[in-house]
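*Asks:* Below you'll find the structure I mean.
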Amino acid sequence: MKVGILFLSNQKMGGVYQYSLSFIDSLLKNKNVKELTVFTNKNDLTIKNVKVVLIKNYSLKLIFSIFFGAMSIFPKLLFKKIDLLFAPAYSPLLFLSKSQINITIHDLQEIYFPENFNKTTLFWRKFMYQRIKKIVSNIITESSYVKEDIARYLNFNKDKIHVIESPPYFDKWNLTLNTEREFKNYINQNFEYIFFPAQFWKHKNHERVLKAFSEFSKDFKLVKMILTGNKNREYNSILDLITKLKLRDKIIFFHRIPQKFMPYFFKNSVFTIAPTLHESISIPVFEAFQYQSPVCASGILAIKDQVSDCGLLFNPESIEDIYKCMHKLYVDRDLREKLKLKGKKRLKYFSVSRFNKKINKIL
């Protein structure tokens, strides 16, 4: 079977980028996929053992596809000579597809937190979902909770919604003593820290975590917190809050981290916190498991299933609960060591073979 993937994401898009790479990597190992083609708008994209096709005149085609979508006209013009097309994220270009389309919807959080989105984004999402459900063959999601949302709010056939968790994807970096020394020089590490890797988006819950950390810091004055992410959306308001809480000397921010250092941010942390208010699968949780950083995470939706008993869970809407989780994980060193081992084992459950067994139902 000839399969295509529409790959338009980048690292600024957060977990969708890694999800897309994981999807490609997993399909490469699927015996039912005889030929894999990646369609992209990136001039410099190369993937080993994959045919990469650059979408020419991308901006112009995007305009045409939006126009046709608005008219509910779906001409079969793009992505020829393949049997199935997978889209890890929606795009108007799908309105022009000649192949059968299978799209991933990661969440419908705008239903629960409309205040996190401006009016343009809310309109755009509604427009896209109304049109896409007319042309897709199947919808993939990573959570049974999101499946219920899609069936209910998009009125899509439940039998055509598949819960398929993507295996964790890790960049192929070699962990060496030399690189670890470089890392420690890079962050000037002579302190303990909690690692909080997340884009500055409202649903990532920075405000409550920082308020909980403010209380935590009164008990453990030498512990710091490291934040990562692009300087967008909520970044300035987060800086203002850090100042208000008098945490300037306790919070360290890294913007563009060299990828070779990312494993060490997890590996050398006291623990990793993943406090999101709405998510299907948390990529930082997988990364923390891989690089043996104990996990303190939201006990919501699919994350509580993803973490299972391999981390501590809290109510992400409760500052007190977040504080208690951080406090317990910090003081109990034995618990941290047990969770490191459990997390590493947990990764084996989310395997490539498990993904391909499920994706074969669509293939």
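*Asks:* Out of all Cα-Cα pairs in the chain, roughly what percent, to the nearest whole number, are more than 38 Å apart?
*Replies:* On the way: 13101 of 65703 pairs.
Tail fraction, whole percent: 20.
*Asks:* With viscosity set to 0.890 mPa s at 25 °C, what whole-number translational diffusion coefficient in µm²/s follows for region 265-363 from Stokes-Einstein and a Kirkwood radius over Cα pairs? Walk me through the numbers before you get to the answer.
*Replies:* Values: Rh = 13.9 Å.
Answer, rounded: 177 µm²/s.
*Asks:* Can you list which of the trypsin sites (Lys or Arg not before Pro) found in region 54-85 are DSSP loop residues with at most 16 other C-beta atoms within 10 Å? Present the calculation step by step, with values, prior to reporting the outcome.
*Replies:* Values: sites: K56, K61, K76, K80, K81; in loops: K56, K76, K80, K81.
Here the sparse-neighbourhood loop sites are K56, K76, K80, K81.
*Asks:* Next question. Quick one: of K134/K357; K76/K133; K31/K361; K31/K357; K56/K361; K34/K98, which pairs are farther than 21 Å apart, Cα to Cα? Working shown, then result.
*Replies:* Numbers: K134/K357 27 Å; K76/K133 16 Å; K31/K361 13 Å; K31/K357 11 Å; K56/K361 32 Å; K34/K98 19 Å.
Violating the 21 Å limit, Cα to Cα: K134/K357; K56/K361.
*Asks:* Considering only Q18, Q130, Q290, give the residue with the highest GNM mean-square fluctuation for the chain, with springs between Cα atoms whenever their separation is below 10 Å.
*Replies:* In this elastic network of the chain, the residue with the biggest mean-square fluctuation among Q18, Q130, Q290 is Q130.
*Asks:* Could I ask something else about it? Tell me the Kirkwood hydrodynamic radius of region 2-164 in angstroms, computed as one over the mean inverse distance between distinct C-alpha pairs.
*Replies:* Working: mean 1/r = 0.0608 Å⁻¹.
Value: 16.5 Å, from the Cα pair sum.
*Asks:* With a cap of 12 neighbouring Cβ atoms within 10 Å, and only residues DSSP puts in a loop, list the trypsin sites (Lys or Arg not before Pro) found in region 127-226.
*Replies:* Working: sites: R131, K133, K134, K147, R152, K158, K160, K172, R181, K184, K202, K204, R208, K211, K218, K221, K224; in loops: K133, K134, K172, K221.
Those satisfying the criteria are K134, K172, K221.
*Asks:* Now for a different question. For L36, L6, which order do you get if you count the other beta carbons within 10 Å of each Cβ and list the fewest first?
*Replies:* Details: L36 21, L6 26.
Ascending Cβ contact count within 10 Å gives the list L36, L6.
*Asks:* Filter the DSSP H helices in the chain by two things, a Kyte-Doolittle mean of at least 0.5 and an axial alpha-carbon span of 15 angstrom or more, and list the hits by number.
*Replies:* Values: long enough: 15-28 (20 Å, 0.75); 58-70 (18 Å, 1.51); 119-132 (20 Å, -0.58); 177-187 (16 Å, -1.21); 206-219 (20 Å, -0.87); 319-331 (18 Å, 0.06); 333-346 (20 Å, -2.07).
Span-like helices in the chain: 15-28, 58-70.
*Asks:* Name the most mobile residue of K342, K29, K304, meaning the one with the largest mean-square fluctuation, in a Gaussian network model of the chain with Cα contacts below 10 Å.
*Replies:* Highest fluctuation among the options: K29.
*Asks:* With 31 Å as the limit, write out which pairs from K204/K340; K48/K126; K80/K304; K126/K250; K184/K328 have Cα-Cα distances beyond it, or answer none.
*Replies:* Details: K204/K340 23 Å; K48/K126 36 Å; K80/K304 40 Å; K126/K250 41 Å; K184/K328 27 Å.
Distance filter (> 31 Å) returns K48/K126; K80/K304; K126/K250.
*Asks:* When the Kirkwood radius is taken over all Cα pairs of region 177-349, what Stokes-Einstein diffusion coefficient follows at 37 °C and 0.692 mPa s, in µm²/s? Numbers along the way, then the final one.
*Replies:* Numbers: Rh = 16.1 Å.
So the translational diffusion coefficient is about 204 µm²/s.
*Asks:* Most exposed first by the Cβ proxy, i.e. fewest other Cβ within 10 Å, how do I303, I73 rank? Walk me through the numbers on the way to the answer.
*Replies:* Working: I303 25, I73 10.
So the ranking, lowest neighbour count to highest, is I73, I303.
*Asks:* What's the exposure ranking of V223, V209, V295, going from fewest to most Cβ atoms within 10 Å?
*Replies:* Values: V223 17, V209 25, V295 30.
Final ranking by Cβ density, sparse to dense: V223, V209, V295.
*Asks:* For the chain, what does -39500 (n - 2.57) per DSSP helix run (n ≥ 4), summed and divided by total residues, give at 222 nm, in deg cm²/dmol to the nearest 500?
*Replies:* Numbers: 13 runs with 142 residues, N = 363.
After summing the helix terms and dividing by the residues of the chain, the value is -12000 deg cm²/dmol.
*Asks:* At 4 °C and 1.567 mPa s, grab the translational diffusion coefficient of region 1-97 from Stokes-Einstein with a Kirkwood Rh over Cα pairs, rounded to a whole number in µm² per second.
*Replies:* Numbers: Rh = 14.0 Å.
Value of D from the Cα-based Kirkwood radius: 92 µm²/s.
*Asks:* Still on this structure: What does the charge count near K98 come to, summing +1 for each Lys or Arg and -1 for each Asp or Glu among other residues with Cβ under 13 Å from its Cβ?
*Replies:* Local net charge: +3.
*Asks:* Could you tell me which of rounded, prolate or oblate describes region 232-271, using a ≥ b ≥ c as the square roots of the eigenvalues of the alpha-carbon gyration tensor, with rounded for a/c under 1.5 and, failing that, prolate when a/b is larger than b/c and oblate otherwise?
*Replies:* In terms of gyration-tensor shape, oblate.
*Asks:* Out of F286, F350, F67, any idea which swings most in a Gaussian network model of the chain, alpha carbons joined below 10 Å?
*Replies:* F67
Any read-out appearing in this document is the output of simple, stated calculations on the displayed coordinates, not a laboratory observation. All figures in this text were calculated on a predicted structure; none of them were measured in a lab. Methodologically, a virtual Cβ is constructed for each residue, glycine included, from the backbone with ideal geometry; neighbour enumeration extends over all protein chains shown.
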